[in-house]
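Worksheet: the structure to be examined is printed underneath.
Derivation of every value follows stated rules applied to the coordinates shown; laboratory data play no part. Computed from a prediction, not measured in an experiment: that's the story for all the values here. Reconstructed Cβ throughout: ideal geometry from the backbone, glycine too, with neighbour counts over all protein chains shown.
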Amino acid sequence: MRFALAIVVSIAAAGVGRAEPPKAYPPYAKPTSIAHRGASWDAPEHTLAAYELAIKQHADFVEPDLQMTKDGVLVCLHDTTLERTTNVEEVFPDRAQLVGEKKTWPVVEFTLAEIKQLDAGSWKSPQFAGAKVPSLDEMIDCVKSRAGIIPETKSPDLYGRRGLSMERALLEVLAKHRLDQPGIDPATPVVIQSFSAESLKVLRNELGCKLPMVFLTTQAPVTAESLKRVRQFADGIAPNKADVLARPKLVADAHALGMSVTVWTFRSGQTGNFDTVRDEMRHFVSELKVDALFTDNPDQFPRD
Ligand code: G3P
Ligand code: CA
């Protein structure tokens, strides 16, 4: 009896059997780096060069933001318009629309063939002259089997008003690459993200998508009740870093509901009170226990 008691005491002292907290909450298997628009610090965002560099910099996931062309093709662009990251003004000077005083070239007014005539690299540096806007199809060809992919449905309402379903198009492209089911390709995990709750609900409830989804917020859910409402249509939250710093308990609250926390966006030169982006990311992963980070600098993600 005394012997049995001694075993129980020594097991307890060693901590054997005590549940360790997970290193990261699903869908992530470990603290995860996401190359924000590719390796967008060093290469022009959303070009194949930026995605290739992200992989060289050991990003766990690569992010394509999605817009749609006039002919219904998903392309990788952050903005709903073309002028910030391409030379559309030179190539199609007469196709501008006026918004107030400002000339603008909406993606949805151009076919894929027209968008392929644009230079999406020179605005960053002459070294990238001639880089093209990739379709999602091309982005997946580039990244598949080398990293995860976390597509974001951007402005789905804008496209919905034009009779274009971003969600259907996304699932069609994923199905073409056999990436439309969770775990189907362990080398290429897929997570879907959106600021639009409606877009995630359409994917999950109308289209039956079973892939993990994270809900991006500009104001993080504050109460347990609001987190529970998000839990009904998303597997994780994606707050901005200021919200997490202001209320670090958000992470434990989300984890208590089994939800992951993916935080945006970490980049050199915008590191708040931290000396370097590496220090800032280390704090979020090691101290605040978030699960994944969007960063323009995947080479600086702390992996030690
Ligand atoms: O999707 C995460 C982060 O990228 C959100 O910001 O504007 O860069 O898409 P944005
Ligand atoms: Ca994004």
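Some notes on this structure:
- Scanning region 118-133 for residues that are of a type outside the set (A, V, I, L, M, F, W, C) and under 20 Å from LEU66 (Cβ atoms) turns up GLY121, LYS132.
- Residue that is surrounded by fewer than 18 Cβ atoms within 10 Å (Cβ to Cβ), farther than 23 Å from PHE61 by Cα and without any contact (Cβ under 8 Å) to a residue 60 or more places away in the chain, where the choices are LEU227, LEU257, LEU250: LEU257
- Leading residue by the ranking (surrounded by the most Cβ atoms within 10 Å (Cβ to Cβ)) among those in region 165-196 that are in a loop (DSSP other than H, G, I, E, B) and in contact with an Asp or Glu (Cβ under 9 Å, 6 or more places away or on another chain): VAL191
- Helices (runs of 4 or more DSSP H) within region 225-287 that include 2 or more residues farther than 20 Å from SER194 by Cβ and in contact with an Asp or Glu (Cβ under 8 Å, 6 or more places away or on another chain): none
- Taking the criterion of being away from ligand 1 (no atom under 13 Å from the Cβ), crowded, with 19+ Cβ neighbours inside 10 Å and part of a loop (DSSP other than H, G, I, E, B), the residues of region 145-164 that qualify are ALA147, LEU164.
- Failed item in (1) away from ligand 2 (no atom under 16 Å from the Cβ); (2) over 20 Å from ASP253 (Cα atoms); (3) acidic (Asp, Glu); (4) surrounded by 19 or more Cβ atoms within 10 Å (Cβ to Cβ), with ASP235 passing the rest: (2)
- Of all residues making up region 264-304, the number that are small (Gly, Ala, Ser) and within 16 Å of ligand 2 (Cβ to nearest atom): 1
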